[in-house]
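A.B. asks: Take a look at this one; I'll ask things after.
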Amino acid sequence: MTKEQLKEFNGQDGKPAYIGYKGKVYDVTKSDFWTGGTHMGRFKAGEDLTDSIGMSPHGEKNIFRFAEVDTLEDGVQESVTSSDTVVPNSENMMSDVDRKMVEKRKWYRKNHPHPKMIHFPIGMIGYAFFAQVLAMILHFANMKIAANFITATGLVVTVFAVLFIIPAVASGALSFYINYNGFANSILKKKIAGSVILFITCVAAVIIGKGEIASEGFWGGLSQLHSFRTYSPFTSIYSLLTLINMALVTFIATQGGKITWPEDKN
């Protein structure tokens, strides 16, 4: 296939999306990152991207996850390996903006603030959910004081989850800007929407949970836990919200997995 023929496979009007890289042609049609033949609002299908892959945050490794469909006759012929390489002399072809972006990506790769921050709210929301499941079991076993105490600890942890969602989302926005140039595909949009909804439902869980279980017995002192006996986790709106929060955080984490392991979308 020649470069002129490659232009026909631009991913538009129902056509397949092919890209050229180091003398090979790869089919990226099924990738959510190439919807409509455009990648991150910048790169176009139907072109030889040998000179551009080196500037991407993932390097060339993600290219090999797609099916090789042809050779590019007038493409740049180089030996293709699975290592994360940079095209020779690619820095000379970068604009000042591209060069600054590459430096930011190097910093981000070294520090990874978002992967570090996101695990805190995930763990806390998970704890609140499983604590509420345990509370239901204890309540059913007529161990109501222990059940209500477990629920109260889950509520306290949910408060901290709300606080940690803020830096987690902020670091995610930083990742969004540095790694993807501020371009959101369908997966990133789902993560953004899910994160906003999660923050709202977590705040709601704190407010409603405090009203349902935070009686004088807990906040006034552990010695008065007997006053929790009127609370039932089976009829609690807070219980439902912990389930919704767990579902949302699982959904968001699943979308993140699709970005980390893009072959799952092929």
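The values are calculated or read from the model by the stated rules, or taken from the named source; none is laboratory data. This one's a predicted model, so the numbers in the text were calculated from it and none came from an experiment. Here the Cβ positions follow ideal geometry from the backbone for every residue, glycine too, while neighbour counts run over all protein chains shown.
A.B. asks: Quick one: would you say Gln5 is touching a helix residue (DSSP H, G or I) at 6+ places or on another chain (Cβ under 6 Å) and surrounded by fewer than 16 Cβ atoms within 10 Å (Cβ to Cβ)?
C.D. replies: no
A.B. asks: I've got another one for you. Which ones in the stretch 1-35 are under 26 Å from the mean Cα position of the chain (by Cα) and farther than 18 Å from Leu72 by Cα?
C.D. replies: Those that are under 26 Å from the mean Cα position of the chain (by Cα) and farther than 18 Å from Leu72 by Cα: Lys30, Ser31, Asp32, Phe33, Trp34, Thr35.
A.B. asks: Of all residues in the stretch 220-266, how many are within 18 Å of Ala135 (Cβ to Cβ), surrounded by 12 or more Cβ atoms within 10 Å (Cβ to Cβ) and either modelled with pLDDT of 80 or more or of a type outside the set (D, E, K, R) (or both)?
C.D. replies: Residues flagged as within 18 Å of Ala135 (Cβ to Cβ), surrounded by 12 or more Cβ atoms within 10 Å (Cβ to Cβ) and either modelled with pLDDT of 80 or more or of a type outside the set (D, E, K, R) (or both) within the stretch 220-266 amount to 17.
A.B. asks: To continue, here is another question. Within the stretch 1-22, which residues are in a strand (DSSP E or B) and either in contact (Cβ under 8 Å) with a residue 40 or more places away in the chain or β-branched (Val, Ile, Thr) (or both)?
C.D. replies: Passing the criteria: Tyr18, Ile19, Gly20, Tyr21.
A.B. asks: Something else about it: Can you find even one residue in the stretch 113-121 that is in a loop (DSSP other than H, G, I, E, B) and either more than 31 Å from the chain's Cα centre (by Cα) or surrounded by 15 or more Cβ atoms within 10 Å (Cβ to Cβ) (or both)?
C.D. replies: Scanning the stretch 113-121, I find no residue that is in a loop (DSSP other than H, G, I, E, B) and either more than 31 Å from the chain's Cα centre (by Cα) or surrounded by 15 or more Cβ atoms within 10 Å (Cβ to Cβ) (or both), so the answer is no.
A.B. asks: Same structure, new question: Checking Val196 against (1) more than 30 Å from Leu138 (Cα to Cα); (2) loosely packed, with under 14 Cβ neighbours inside 10 Å; (3) modelled with pLDDT under 90, which test does it fail?
C.D. replies: With (1) more than 30 Å from Leu138 (Cα to Cα); (2) loosely packed, with under 14 Cβ neighbours inside 10 Å; (3) modelled with pLDDT under 90 applied to Val196, the lone miss is (3).
A.B. asks: If you don't mind, another one. Regarding Val86, is this residue among the aliphatic types (A, V, I, L, M), closer than 30 Å to Lys191 by Cα and at pLDDT below 60?
C.D. replies: Taking the combined requirement at face value, the residue satisfies it.
A.B. asks: A further question follows. Would you point out which residue out of Ala131, Ala135, Ala141, Ala161 is within 30 Å of Ser239 (Cα to Cα), at pLDDT 90 or above and surrounded by fewer than 13 Cβ atoms within 10 Å (Cβ to Cβ)?
C.D. replies: Ala141
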